[in-house]
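Asker: Starting off with a structure, shown below.
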Amino acid sequence: MRAPAPPAGDDVSDAATDAAPRAERWHAPLSAALMRGTLSSAQHDVILHGLGEPPAGGDDAWRLAADQLIAEAPERTVEDLARAARTVRDLLDPEGAARRFDERFGARSWRMWTDRDGVMRGSIVFDDHGGTWAQTIIDAALRPRHGGPRFVDPAEKARAQDLVDDPRSNDQLAYDLMLDTLRAGALADAETVFGTRQAGIRIVVSEAALSTVDAGGPAVALTEDHRAALPAWLAAQTACDSGSVDCTVDRAGNPLYLGREQRLFSSKQRLALAIRDGGCRWKGCDRPASYCEAHHIDHFVRDEGCTDIDRGILLCRFHHMQLHHGGWRITRTKLDDFVLHSPDGSASVDLRPPLPLRHAWGDLAPPPKRFRPAA
């Protein structure tokens, strides 16, 4: 039976008039992109789930984030797109980020049992920091198998080749590594277990975020690799145990000029490159900063290039070799975006930093004031 229409001139309730707009609010661009074929169903789902529902009044900020993620989708793997969506959500909503961190920390667990065949099995649910730490340990040890940097030191180069030639699978190597680490504990011989690249989490946090934490408010920091969001208070706590390195950057992440006094980028410059680039800048590559090499966009001799941060860019080993041996080149005008040029010069692509870093360093408009905790 059809319900009677409201009498002419009567106002429909606010709930009824708002129903349609709210159904389309911030995620309307995602639905439209899916219908156009701009996004695959997997890309649509990870962005929608990663951003989640905004706090009250946050539709405009979430719509902007959705638009930006749609633009980046062709250049990112689905996994990297999901990480970016979650990180941007946490940067926009630090109070929600703190709550989600606490929930995952409360759900952490380590469980072991023996199955009916007598095989011991285990299940681990990581919190954010613990999971990042375990992944960092495995990455540090298996990096040569995953296309890590080329090693200058002969001993380390030989060690890397031994790992590549090892008959064990990656899963078996990871298992043996974790047991070795557990056995060694606090007395682990880092050089024996990890070679010259000792595992460790590097957390990047701005002074403004730390000031917010000191004032009792929530704020977000990012891990250098994978750009995972962590509470800024955790970065401050970590600094008490392992120290910190100050790195002054502008809104585009460009610090430290050394001119032609040295040929190779210094450790502090590589740190600055990692903060600015977040990993390999080649289109569509998701290799983290620890897997990357610093590339001079100006030839040191031919172009009288300088070892300055604004003339360097992070590339993974594969893309670094592809650039040098395939005739590709990268240019940059002052502090504008880096530009990748094809070998025949027929095409060029802007190499913008990943969206979470553009949010973190202020390239995009800041989130609405209601999302920024008061001092």
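Asker: Would you pick out the residues in region 286-310 that are modelled with pLDDT of 80 or more and either outside the structural domain of Ile275 (by TED's automatic domain parsing) or part of a helix (DSSP H, G or I) (or both)?
Answerer: Ala289
Asker: While we're here: Would you check which residues across region 16-58 are over 30 Å from Ala97 (Cα atoms) and either of a type in the set (A, V, I, L, M, F, W, C) or modelled with pLDDT under 85 (or both) and list them?
Answerer: Ala16, Thr17, Met35
Asker: Starting from residues that are part of a helix (DSSP H, G or I) and touching a helix residue (DSSP H, G or I) at 6+ places or on another chain (Cβ under 7 Å), keep the ones in region 106-135 and report whichever is farthest from Leu234 (Cα to Cα).
Answerer: The qualifying residue farthest from Leu234 (Cα to Cα) is Asp128.
Asker: Listed residues Arg76, Arg83, Arg36; which is in contact with a His (Cβ under 8 Å, 6 or more places away or on another chain) and either surrounded by 21 or more Cβ atoms within 10 Å (Cβ to Cβ) or not hydrophobic (A, V, I, L, M, F, W, C) (or both)?
Answerer: Arg83
Residue by residue, here is whether (1) more than 28 Å from Leu30 (Cβ to Cβ); (2) touching a residue at least 12 places away in the same chain (Cβ under 8 Å) holds:
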residue: Glu53; (1), (2): no, no
residue: Asp59; (1), (2): no, yes
residue: Pro94; (1), (2): no, yes
residue: Gly106; (1), (2): yes, no
residue: Met120; (1), (2): yes, no
residue: His129; (1), (2): yes, yes
residue: Ile137; (1), (2): yes, yes
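Asker: Might you let me know whether region 96-112 holds any residue that is of a type in the set (A, V, I, L, M) and surrounded by 11 or more Cβ atoms within 10 Å (Cβ to Cβ)?
Answerer: Yes, because at least one residue in region 96-112 is of a type in the set (A, V, I, L, M) and surrounded by 11 or more Cβ atoms within 10 Å (Cβ to Cβ).
The values are calculated or read from the model by the stated rules, or taken from the named source; none is laboratory data. Everything numeric in this text was worked out from a predicted model, so none of it was measured. Note that we place each Cβ from the backbone using ideal geometry, even for glycine, and neighbour counts take in every protein chain shown.
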